[in-house]
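The values are calculated or read from the model by the stated rules, or taken from the named source; none is laboratory data. Nothing here was measured: the structure is a model prediction, and the numbers come from that model. When we count neighbours, we look across all protein chains shown, and the Cβ atoms used for this are built from the backbone with ideal geometry, even at glycine. Calculation scope for accessible area: heavy atoms of the full protein, side chains included, ligands and nucleic acids excluded. Shrake-Rupley method; radii C 1.70, N 1.55, O 1.52, S 1.80 Å.
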Amino acid sequence: MSNGASALSGPSVVLVTGGAGFIGSNFIRYLLEKTGFEGRVINYDSLTYAGNLMSLRDVDERFGGSRYFFEKGDICDYKKVEETFRRYEVDAVVHFAAESHVDRSIHGPKVFISTNVTGTFNLLEAARNSWGGRKDVKFHHVGTDEVYGSLGESGYFYETTPYSPRSPYSASKAASDHLVRAYFHTYGVPVTISNCSNNYGPYQFPEKLIPLSVLNALEGKPLPVYGDGRNVRDWLYVDDHCAAVWQILKQGRVGETYNIGGECEQQNLDVVNGICEILEELYPAKDNRELKKSAPAVRRYSELVKFVGDRPGHDRRYAVNCDKIKNELGWSRACSYEAALKHTVQWYLQNMEWAESIRSGEYLKWIGKNYGARDVT
Ligand code: NAD
Ligand code: TYD
């Protein structure tokens, strides 16, 4: 699927869906602060449990009302989506909004279908209807490597690897990728897609492996490791992901898919033990009063590791080949895993207020104060 049609050299109004989530908030900050982009960013987010405007407090203070705007809205609400397209004269979309956690999709798949499939469909419809046949616009869809299924001991996911999703989450994301491609082929909507490996970094909701392990360790809670802990993920620092998405938005060939990976395969148990070592260096267990209260017998964070039952349908190994984006767009990851993981752990240590707020719902009060009650429904 390729036609090499128009590339978007400089969007002026970027609609970021899911901008209050982990990657979306990092992307908005990256776009406004690190790229030289001079236009406006509209953050369209319904603020589910995973969305938190505190993650963009600094951005709002610097750019709010001039170059950064927040619209509380559901991507399943077609009318609101189309209205937003027209009101802001959107000429680029970066679509992050999704239900994103595999474990949640196992316990309650329904919302994954509505948000990830129907929500993406609505956005595509709004793009088609608002943009008509315009070629100077772009719709970038953020996908996951999990659509490719599970690898054995060797091999990699390529852009050409057949889809084989195995969780409700990855199946819903696969469906959304297919819709995006269909809108390119059928209606000529200028789209690009990226399929990306596991991200880590600041502002990640503490249900995912890395932030959950950091916060549980600090509180002296067990560090749950599924199965034998030997499942492999390819870890990508979120800033490297943001840089790749921006590169694709500007220069990616319309109709094309680009894999993005960290080229950094790690077994889960090694990730958790690595976090424990970093914590031992930054905030030794013996000095941690909270830990002493909840787990008095524990001397080192690594003693908190607890093997638990495996996730149903747990994919064994992910590993992404990203030669295409490297060769075509000149992207490559800039961050080393060791340094970026340490930076991430440090960030959580220094931002416990954020972690507390996102887990307690306390942040809703902050939003109420700053955005008015109408936004906090
Ligand atoms: P996240 O769960 O942290 O954030 C999702 C955001 O979307 C939240 O702000 C939430 O409020 C918003 N949202 C959810 N449903 C919505 C709806 N119906 N309408 C409007 N907004 C809604 O997710 P994330 O980790 O930042 O992931 C962002 C995207 O990247 C997702 O599409 C995900 O599939 C993809 N992705 C994530 C990873 C990863 O490691 N986190 C890896 C590959 C791909
Ligand atoms: P996760 O962060 O949920 O991302 P994904 O499922 O999208 O890869 O999980 C990363 C890996 O860590 C995955 O193999 C499941 C495993 N895992 C645990 O072992 N314990 C946990 O508590 C969590 C949340 C995940």
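For the stretch 285-309, give me each residue that is out of contact with any helix residue (DSSP H, G or I) (no Cβ under 9 Å at 6 or more places or on another chain), part of a loop (DSSP other than H, G, I, E, B) and closer than 25 Å to Asn268 by Cβ.
Of everything in the stretch 285-309, just one residue is out of contact with any helix residue (DSSP H, G or I) (no Cβ under 9 Å at 6 or more places or on another chain), part of a loop (DSSP other than H, G, I, E, B) and closer than 25 Å to Asn268 by Cβ, namely Gly309.
What do you reckon, is Glu256 charged (D, E, K, R) and under 22 Å from the mean Cα position of the chain (by Cα)?
yes
Taking the conditions exactly as written (within 15 Å of ligand 2 (Cβ to nearest atom), out of contact with any Lys or Arg (no Cβ under 8 Å at 6 or more places or on another chain) and touching a residue at least 12 places away in the same chain (Cβ under 8 Å)), does Gln247 satisfy them or not? So that I can check it myself, show each step before the final result.
Details: within 15 Å of ligand 2 (Cβ to nearest atom): no; out of contact with any Lys or Arg (no Cβ under 8 Å at 6 or more places or on another chain): yes; touching a residue at least 12 places away in the same chain (Cβ under 8 Å): yes.
So Gln247 fails the test.
Suppose we filter the stretch 33-59 for residues that are in a helix (DSSP H, G or I) and buried (at least 19 other Cβ atoms within 10 Å of the Cβ); how many remain? Write out each step before concluding.
Applying the first criterion (in a helix (DSSP H, G or I)) to the stretch 33-59 yields 33-34, 53-59.
Filter again for buried (at least 19 other Cβ atoms within 10 Å of the Cβ), leaving 53-56, 59.
Number satisfying all stated conditions: 5.
When you go through Asn231, Asn268, Asn273, Asn259 one by one, which is the residue that is in contact with a strand residue (DSSP E or B) (Cβ under 9 Å, 6 or more places away or on another chain), under 30 Å from Gly330 (Cβ atoms) and modelled with pLDDT of 95 or more? Spell out the reasoning first.
On the way: Asn231 fails: under 30 Å from Gly330 (Cβ atoms); Asn268 fails: under 30 Å from Gly330 (Cβ atoms); Asn273 fails: under 30 Å from Gly330 (Cβ atoms).
Every option except Asn259 fails the conditions.
Being crowded, with 17+ Cβ neighbours inside 10 Å and more than 16 Å from ligand 2 (Cβ to nearest atom) is the filter here; which residues of the stretch 291-309 pass it?
Within the stretch 291-309, the subset crowded, with 17+ Cβ neighbours inside 10 Å is 291, 295, 298, 301-302, 304-305.
Across the stretch 291-309, the qualifying residues are Leu291, Ala295, Val298.
Which of the numbered conditions does Ala340 fail, given that it passes all the others? Conditions: (1) assigned to a helix (DSSP H, G or I); (2) of a type in the set (Gly, Ala, Ser); (3) open to solvent by 20 Å² or more (accessible area, probe 1.4 Å); (4) at pLDDT 90 or above.
For Ala340, the failing item is (3).
Scanning the stretch 208-230 for residues that are touching an Asp or Glu at 6+ places or on another chain (Cβ under 7 Å) and near ligand 2 (Cβ under 8 Å from one of its atoms), which turns out least open to solvent (accessible area, probe 1.4 Å)?
Taking the stretch 208-230 first, the residues touching an Asp or Glu at 6+ places or on another chain (Cβ under 7 Å) are 218-220, 226-227.
Filter once more, so that each one left must be near ligand 2 (Cβ under 8 Å from one of its atoms): 226-227.
Details: Tyr226: 73, Gly227: 24 Å².
Result: Gly227.
Take Pro312 and tell me if it is open to solvent by 60 Å² or more (accessible area, probe 1.4 Å), more than 27 Å from Pro109 (Cβ to Cβ) and either touching a helix residue (DSSP H, G or I) at 6+ places or on another chain (Cβ under 8 Å) or in a loop (DSSP other than H, G, I, E, B) (or both). Walk me through it before giving the result.
Numbers: open to solvent by 60 Å² or more (accessible area, probe 1.4 Å): yes; more than 27 Å from Pro109 (Cβ to Cβ): no; either touching a helix residue (DSSP H, G or I) at 6+ places or on another chain (Cβ under 8 Å) or in a loop (DSSP other than H, G, I, E, B) (or both): yes.
Judged against the criteria, Pro312 is not a match.
Tally time: how many residues in the stretch 147-179 are buried (at least 18 other Cβ atoms within 10 Å of the Cβ), more than 13 Å from ligand 2 (Cβ to nearest atom), among the polar types (S, T, N, Q) and part of a loop (DSSP other than H, G, I, E, B)?
1
What tally of residues in the stretch 180-204 results from selecting those that are open to solvent by 20 Å² or more (accessible area, probe 1.4 Å) and either among the charged types (D, E, K, R) or within 10 Å of ligand 2 (Cβ to nearest atom) (or both)? Lay out the reasoning, then the answer.
From the stretch 180-204, those open to solvent by 20 Å² or more (accessible area, probe 1.4 Å) are 181-182, 184-188, 198, 203; that's our starting set.
Within this subset, residues satisfying the condition of being either among the charged types (D, E, K, R) or within 10 Å of ligand 2 (Cβ to nearest atom) (or both) are 181, 198.
The total comes to 2.
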